[in-house]
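See below for the structure under consideration.
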Amino acid sequence: MSANDKQNMLFPTNEDTVGPYFPIYFRDERLEDLTSIHPGLIVAPEGKHIILRGRVLDRHGDLANGVVMEFWQANAKGVYRTPAHADNPDLDPWFNGYGRLRSKAGEYSFRTIFPGSSKGRAPNITLTIFSDGINRVVTQVFFEDAEGNDTDSLLSSLSEEDKPKLIARHDGRTADGAEVYLLDIIMAGDQETPFFDDLVS
Amino acid sequence: MTMTLQGRLLEVGPTDNTSDQRTPRKRLRLIPQAARESFVPYIPQQAVTRQGENDLTRIAPGAPRAQGTPIEVSGRVCTQTGQPVRHALLEIWNANMFGRYTHIEDHSGIQLDPNFLGLGRVTTDDEGRYTFWTISPGAYLARPDIGRYRPKHIHISLSGGSSRLITQMYFPGEENNATDPMATLMGDAFERNVGQVYETPHIDVHHGYRFDIVVGGRNATFFED
């Protein structure tokens with residue numbers, strides 16, 4: 001983009017807080033469990049089932065009620081469903097990679113497939129959080145003992161103290177065969193989760 | 001002069017307790033270039049809208065009109081380069097004329113309207129345009145202890161492709177606009193979030209508000225660069 005184009009760019013509408021009352025009416029269970037494209041169908045995405053679970057906490061350690069969480073990830077073969085990969089033969093026809101849930105109390109549980117590694121990155125899920133009192137914030141979640149964590153470009157950009165704050169801890173397997181990963185998100189305070197700037201960078 | 005690029009330091013909304021509790025205090029981190037593309041969620045088109053969901057003034061087509069002033073809100077959604085955001089989903093919610101949400105967690109006790117849910121959905125057309133009808137919402141007392149009101153506003157959540165924006169449309173000339181925590185943080189840019197009145201002589205609403213939405217940031221145009 002040339003400097004001239006930048007001068008002609010329109011001013012963006014301001015982001016604003018989602019407030020406390022994001023309507024439960026807009027809930028879509030298909031976006032809370034990506035291991036199934038729709039209940040009742042025999043077709044389903046490839047991959048190992050996982051549950052990413054945890055709490056969203058405020059700076060006092062209290063649960064952050066009413067948060068809206070959005071998830072974005074590659075499929076089991078490490079391919080994202082974007083226009084850049086529209087012709088990729090490794091796209092999974094049953095997997096979009098976009099999930100969303102609203103947590104009433106601040107606890108969350110998201111069922112999906114374990115993301116493949118993409119372009120040398122460690123397996124990860126991009127997490128967007130909307131909440132009362134703040135605008136959209138984003139980060140990425142990684143998985144304990146996953147291949148590539150030690151060389152991942154994003155994890156490597158963090159201090160040794162901050163890295164574990166984005167790595168979900170493995171906590172066994174559910175009766176129906178999903179590997180459980182735990183990660184608490186801490187919005188603010190001493191143990192604050194690292195968040196990233198997708199406007200400036 | 002050289003300047004080192006830094007992520008933003010977010011600001012806490014004044015007099016907003018939740019903002020104080022939840023606003024990250026550390027400067028946002030920069031995304032390394034090798035990881036940048038993975039930070040662009042691409043939301044597929046979703047066939048979720050139902051007939052009549054663009055008319056919030058009634059609970060269902062043919063049902064009675066809700067109390068208050070029926071208004072139209074319309075506009076065009078585009079990126080900062082002016083490209084229309086086509087077939088994007090707008091999820092809309094607002095309080096009734098008394099300032100009450102129908103949300104099960106709104107325990108304010110303010111009067112409900114049996115003919116108003118305050119929930120709607122609409123998708124943008126091939127040119128990025130949208131239109132919906134609703135009831136002009138009431139302002140409500142957000143901080144009784146200090147007498148601070150939330151000004152009249154309509155929540156809009158927009159998702160389509162790599163465009164993602166949650167925002168609010170405010171109303172022109174409302175005195176409570178000046179003390180709203182998030183509006184205060186917007187400064188002069190607040191004007192962009194205020195709908196502009198137009199007349200609606202031939203349709204069954206009192207008047208309209210033009211609210212054009214420009215989705216900012218690199219994500220919205222990431223796959224066009």
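The values are calculated or read from the model by the stated rules, or taken from the named source; none is laboratory data. These numbers come from a predicted model, not from an experiment. Neighbour counts run over all protein chains shown; Cβ positions are idealised from the backbone, glycine included. The area values use the complete protein model at the heavy-atom level, side chains included, leaving out ligands, DNA and RNA. Shrake-Rupley method; radii C 1.70, N 1.55, O 1.52, S 1.80 Å.
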Scan A:79, A:56, A:43 and give me the residue that is within 28 Å of residue B:36 (Cβ to Cβ), modelled with pLDDT of 95 or more and open to solvent by 10 Å² or more (accessible area, probe 1.4 Å). A:79
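Do the conditions hold for residue B:92, that is, is it modelled with pLDDT of 95 or more and part of a strand (DSSP E or B)?
On the way: modelled with pLDDT of 95 or more: yes; part of a strand (DSSP E or B): yes.
Judged against the criteria, residue B:92 is a match.
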In the set A:111, A:100, the lone residue that is within 15 Å of the chain's Cα centre (by Cα) and closer than 30 Å to residue A:13 by Cα is A:100
Please state which of the following conditions residue B:121 fails to meet, knowing it meets all the rest: (1) touching a residue at least 24 places away in the same chain (Cβ under 8 Å); (2) part of a strand (DSSP E or B); (3) in contact with a Phe, Trp or Tyr (Cβ under 6 Å, 6 or more places away or on another chain). (3)
State all residues of segment A:164-190 that are within 12 Å of chain B (Cβ to nearest Cβ) and either farther than 18 Å from residue A:106 by Cα or free of Cβ contacts under 8 Å to residues at least 40 places away in the same chain (or both); if no residue qualifies, say none. A:165, A:166, A:190
Tell me which of these residue B:198 doesn't satisfy, since it passes every other one: (1) at pLDDT 95 or above; (2) over 21 Å from residue B:54 (Cβ atoms). (2)
Taking interchain pairs and intrachain pairs at least six residues apart, which have beta carbon atoms under 6 angstrom, with the first residue in segment A:95-124 and within 15 Å of residue B:39 (Cα to Cα) and at pLDDT 95 or above and the second hydrophobic (A, V, I, L, M, F, W, C) and in a loop (DSSP other than H, G, I, E, B)? A:99/A:34; A:115/A:74; A:122/A:146; A:123/A:146
Condition test on residue B:105, is it within 14 Å of chain A (Cβ to nearest Cβ) and either open to solvent by 10 Å² or more (accessible area, probe 1.4 Å) or small (Gly, Ala, Ser) (or both)? yes
Exception for residue A:148 within (1) farther than 16 Å from residue B:26 by Cα; (2) facing chain B (nearest Cβ under 7 Å) falls at (2)
So if I check each of B:27, B:8, B:58, which one is assigned to a loop (DSSP other than H, G, I, E, B), surrounded by fewer than 20 Cβ atoms within 10 Å (Cβ to Cβ), of a type in the set (D, E, K, R) and away from chain A (no Cβ under 11 Å)? B:58
